[in-house]
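Participant: I am attaching a structure below and will ask some questions about it afterwards.
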Amino acid sequence: MNAPPSDLIVRAQEGDMQAFAALVQSTQTGVYNLAYSLLHSREEAEDLTQETFVRVWRALPGFRAEAKFTTWLYRITVNTCLNRRRQLSAEMAKVDGQTDPESVSIPEDEPTAATLRDERSAVLWRAVQQLPAKYRLVISLFYQQQLSYPEIARTLALPLGTIKAHLNRARQSLAKSLRGQQEGLDDPV
Amino acid sequence: MTLCDLTCDSLPQYVADGETESLAYASVRAHLRVCATCRAQALALRHVEQGLRNLPLVVHDPLLTARILRRVAAESDTIAEEWRLLPWAVWVPALAVVLAIVFAAASLPMPSSATLVQGLRAMLSGWLPSAPVQVDAVLFWAIWLAVFATSAGVGIGLSLSHWDSSASHSLGKVQSRVSGAAARLWGLARRTH
């Protein structure tokens, strides 16, 4: 995703709603996908996207250009989503005693099924959804939002080594899943 | 740890970096030439990398933008609301508390005002021997009580108000209003001096 122009940000900081609307349009897909990668629900992702931009609107006067706008935006997105996950965990604990946030179910209807080119893509998509949240997050930031390693480290306030380790473990896990699926497909019935 | 284990640890990054010819990966390349297992793992990682680079984005509802802007507009109205005059349900009790503090302070048994003022004058003269300070007793108490009451009133008013101090948007407005007021006072002081 390209960074929005700085004059747009300045105008939005001064309260220009049209400039803010343009900012929203240029960044909402990234925010929505990040939220979806953590929450696995279209309704939750949409709700969190709205809440994120409300927080952005409130905090915009305090934004300084030392950080990239998208890094700052994604940091707000991640924090908002993690708070929501904690709430969901607490609600789940009250209902059925589960506290594991990873037990959020994988959606049956793949939103991107129509855009998945082949069976391998579909298998990879499902394998990504089954990764732990911390791996899904870095996968989304690196491959979908196309942030660099240092940008991801700044967004998540984690060391660079940790980001690389998460990504590499995610890649290994996915390779193992794909190989297992391929062997399953290759086995004669 | 075997050479395969070491290579496997480096393989994901090697593949993600495009299987470069750099010296950093010389040992990886050397091992891949002789180990079929690691070559198979590298192939799997290549497929993963290719798939991830084409990972599709989830498509959101086209009405999402409108919903976001509606919610932000509602939020703006809430922020504007915060800056209206404090409601009477806040002013009345705050004023009552301030008046109570003022009357309590005024009715406390105090040492003789004249003695206090003389002591203050002597203390100040000791610090500034070349500039003896003339302090009028009534003025002294008036200033002391006014500062005390104002501070108490502002503090109580803010703590009882609906103003959300954690909202940086509101904080930004406070900062601009305070700096604006300070600038106007400074300008007034310069004009009258």
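Participant: Using a 10 Å cut-off on Cβ to Cβ distances, tally the other chain neighbours for every residue of A:28-38 and report the average as a whole number.
Facilitator: 3
Participant: Please compute, for peptide A:45-55, the average count of beta-carbon atoms on other protein chains lying within 10 Å of each residue's beta-carbon.
Facilitator: Mean partner shielding for this stretch: 4.
Participant: Also: With 10 angstrom as the radius, rank B:Arg39, A:Arg64 by how many other C-beta atoms surround their C-beta, starting from the fewest.
Facilitator: Fewest-to-most ranking of B:Arg39, A:Arg64: A:Arg64, B:Arg39.
Participant: Could you tell me the calculated FRET efficiency between A:Ala122 and B:Arg71, based on Cβ-Cβ distance and R0 = 45 angstrom, to the nearest 0.05?
Facilitator: 0.85
Participant: Between B:Leu23 and B:Val97, what length in nm is gained on full extension when 0.36 nm per residue of separation is reduced by their alpha carbon distance?
Facilitator: 19.1 nm
Participant: Sort A:171-181, B:15-25 by packing, meaning the average of other beta carbons within 10 Å per residue, with the highest value first.
Facilitator: With the highest mean Cβ count within 10 Å placed first, the list reads A:171-181, B:15-25.
Participant: Rank by packing, highest mean first: peptides A:43-50, A:66-73, A:30-37, A:11-18, with packing defined as the count of other Cβ atoms within 10 Å averaged across residues.
Facilitator: A:30-37, A:43-50, A:66-73, A:11-18
Participant: Roughly how many whole Å is it from the C-alpha centroid of the stretch A:150-170 to that of the stretch A:1-56?
Facilitator: Value for the Cα centre distance between the two parts: 23 Å.
Since every read-out is calculated from the coordinates, none of them should be taken as a lab result. Note that the structure is a prediction, hence the values are computed from the model and not measured. Counting neighbours? That spans all protein chains shown, and the Cβs are built from the backbone with ideal geometry, glycine included.
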